[in-house]
1. Val104's amide H: which non-local residues (gap 5+, or another chain) put their own amide H closer than 5 Å, with H modeled 1.01 Å from N in plane and none for Pro or chain starts?
2. Given H placed 1.01 Å from N in the peptide plane, which residues other than close sequence neighbours of Val59 have an amide H under 5 Å from its amide H?
3. As an exercise, identify the chymotrypsin sites (Phe, Trp or Tyr not before Pro) in the range 124-173 lying in DSSP coil whose Cβ has no more than 11 other Cβ atoms within 10 Å.
4. I'd like the distance between the alpha-carbon centres of the range 178-228 and the range 96-174, rounded to an integer number of Å.
5. Show the residues, 5+ positions off or on another chain, whose built amide H is closer than 5 Å to the amide H of Leu299.
6. Across the Cα atoms of the range 87-240, what radius of gyration and what greatest pairwise Cα-Cα distance (Dmax) are found, in Å?
7. So for Asp122, Asp67, Asp175, fewest C-beta neighbours within 10 Å to most, what's the order?
Amino acid sequence: MFRLAHVSDVHLGPLPDVTYRDLASKRMVGYVNWQRNRRHIMQDGVIGSITADIKAVGVDHLAVTGDLVNLALDGEIELARLWLETLGPPEEVSVVPGNHDAYVPGAFDKVCRFWGPWMTGDGRNAPSDRHAFPYMRVRDKVALIGVSSARATAPFMANGFFREDQSHRLGGLLDEAGRQGLFRVVMIHHPPVRGAVTQHKRLFGIGNFQKTILRHGAELILHGHSHEPTLYWIDGKNKQNVPVVGVAAGGQAIGGSHPAAQWNLLEISGEPEAWMLRLTRRGLSGPTLPVGELSATDLIGGPDAAVAVVTAGRVGVTGTGSRP
């Protein structure tokens, strides 16, 4: 059995010192939002509790699906690298960037330089820009494929982008992993389904992404961005339904408008044509309670698994961790 942890949207704080020059950009909007809201609901002690629980439970690998920082300041990007080092060596932790990691022009390139070891495919050089994505790592019987949807956007926008060039490269990696009989996990920051977030936060290229999965196949999609522990289904190859799993923000304190911090434990076993996948959500359930199990369900195979109900829009959704 391969045990994969999934966290996202940790939004590490506090912010380093900010100069007037730093704020002469979209960062002004983000800085005001941080001071008024995020600094109260995104707390370092929370993500510390989450990562401590991951280590206590014990996993084989950790997937981090973006938004490690807030304004993509140089000091934040460096701090995030130090945080990644506490999680484990790059071989045991896989990262994809989020929109806050590419908050302003130039930030994405700095992220690639600082976080490159955690965003590098097997036998490849560290990424230098967005054209290095997607990357693939093989661990045991699992292929971890990291896609980038991150790009600097205008103020008050938090969209992601998945274009044709990345679609072609993703299709090639999915085919390669399929030929090897691997369980294929695709990691992306923005949810690749319609209606998961508001329009100013949505992914452009949802159709491209879903067509790629339909044509080439995958077993699991992991995402962040919504700050919600959601479960969707999209069509995969050979009429298979592919689970699309979101997670609550890893730095979210109790009492906000979104669920308090959680992490996902994905337990993968079996063989091609007979895979088994169990999702357990662990997180904070009260202000004085430690991190614990919140729900568990079999997504693929297993005694509790059921046939996914797919709506006319070809997507089913539930925020409870059970099948729709």
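Since every read-out is calculated from the coordinates, none of them should be taken as a lab result. For clarity, every value in this text was computed on a predicted model and none was experimentally measured. Glycine also receives a Cβ, built like all others from the backbone with ideal geometry; neighbour counts cover every protein chain displayed.
1. For Val104, no residues qualify.
2. Here nothing satisfies the definition.
3. When the chymotrypsin sites (Phe, Trp or Tyr not before Pro) of the range 124-173 are filtered for loop state and at most 11 Cβ neighbours within 10 Å, Phe156 remain.
4. First find each Cα centre; the distance between them is then 13 Å.
5. Result for Leu299 returns Leu277, Arg278, Leu279.
6. Final numbers for Rg and Dmax: 14.8, 44 Å.
7. Working: Asp122 12, Asp67 26, Asp175 15.
Going from sparsest to densest Cβ surroundings: Asp122, Asp175, Asp67.
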